[in-house]
Amino acid sequence: TLALRRDVNRGLIVASLCAGAALWAASLGLLEVQSLFWPPSEAFLETFRQLHAALKPRNTLDAAFSIAAIALFPATCEEILFRGIVLPSLIRFLGGTGAVLASAFLFGIIHLDLAGGAVAFTRVPFAILVGIGLGLLRVRTGSLLPPILAHGVLNAITFGTVLFTGLDMETQAPDAALGAAMLLGGSVLTAIALRHARPASAPSDTARLVA
């Protein structure tokens with residue numbers, strides 16, 4: 001489940017961190033484009049305003065706890081579940097591509113939100129996109145550490161953007177051109193990062209994952 005390989009080298013770690021940043025850009029771009037046709041409800045926006053207000057740090061120690069709550073713990077726990085248990089379990093029945101897609105769909109489903117007494121699907125599409133990227137990273141590297149790093153970076157950037165710019169991404173008016181550029185650019189950069197995400201020894205992707 002943990003799949004902690006010994007041949008995780010510096011280049012793989014850098015590629016994983018870059019993949020996380022690229023996935024952040026792609027997922028935010030998708031959210032921007034999505035909001036043009038499917039704007040989030042006011043109840044959903046208010047939920048995230050309250051969340052950001054609650055997690056806004058007042059000092060250095062508070063910031064460390066907020067980063068742990070948003071970046072470290074969710075990344076570790078969610079990756080152990082979805083890329084450590086679910087994906088390898090499905091790969092025996094669905095193959096590599098099917099397992100990545102199915103685990104990404106399940107990852108998207110846990111990002112359903114209850115807002116104003118109604119279920120909000122706003123975060124599901126970009127969570128599926130992120131899940132696909134993290135799943136591919138897990139398959140290509142055969143290790144759970146790269147997707148944990150990438151996931152942590154993605155969450156940390158999201159939190160840092162709100163913290164240091166005062167920008168609440170969920171409440172800004174959508175920008176079609178910016179969203180499309182971020183989605184395309186982030187997707188291309190993710191593909192490049194995945195291309196360079198290789199451990200020192202490189203058996204076949206499926207054999208590495210199933211083993």
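Summary of computed values
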read-out: Within region 136-148, considering residues that are over 10 Å from the mean Cα position of the chain (by Cα) and under 18 Å from SER187 (Cα atoms), the one most open to solvent (accessible area, probe 1.4 Å); value: LEU136
read-out: Elements of type helices (runs of 4 or more DSSP H) in region 1-103, at least 3 residues being closer than 22 Å to ARG195 by Cα and modelled with pLDDT of 90 or more; value: 10-37
read-out: Conditions (1) open to solvent by less than 40 Å² (accessible area, probe 1.4 Å); (2) over 17 Å from VAL153 (Cβ atoms): number failed by PRO74; value: (2)
read-out: Some residue of region 84-92 being out of contact with any Pro (no Cβ under 6 Å at 6 or more places or on another chain), surrounded by fewer than 20 Cβ atoms within 10 Å (Cβ to Cβ), over 24 Å from MET182 (Cβ atoms) and among the polar types (S, T, N, Q); value: yes
read-out: Which numbered condition ILE70 fails, given (1) within 17 Å of VAL139 (Cβ to Cβ); (2) touching a Leu at 6+ places or on another chain (Cβ under 9 Å); value: (1)
read-out: Failed item, numbered, when ALA69 is tested on (1) surrounded by 15 or more Cβ atoms within 10 Å (Cβ to Cβ); (2) among the aliphatic types (A, V, I, L, M); (3) under 22 Å from ALA25 (Cα atoms); value: (1)
read-out: THR161 being at pLDDT below 65 and not charged (D, E, K, R); value: no
read-out: Residue in region 107-124 that is in contact (Cβ under 8 Å) with a residue 60 or more places away in the chain, out of contact with any His (no Cβ under 6 Å at 6 or more places or on another chain) and assigned to a helix (DSSP H, G or I) present; value: no
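The values are calculated or read from the model by the stated rules, or taken from the named source; none is laboratory data. A quick note: this is a predicted structure, and the numbers were derived from the prediction, not measured. Every residue, glycine among them, receives a Cβ derived from its backbone with ideal geometry; neighbour counts consider all protein chains shown. Side chains are part of the model used for accessible areas, which takes the heavy atoms of the whole protein and leaves out ligands, DNA and RNA. Shrake-Rupley method; radii C 1.70, N 1.55, O 1.52, S 1.80 Å.
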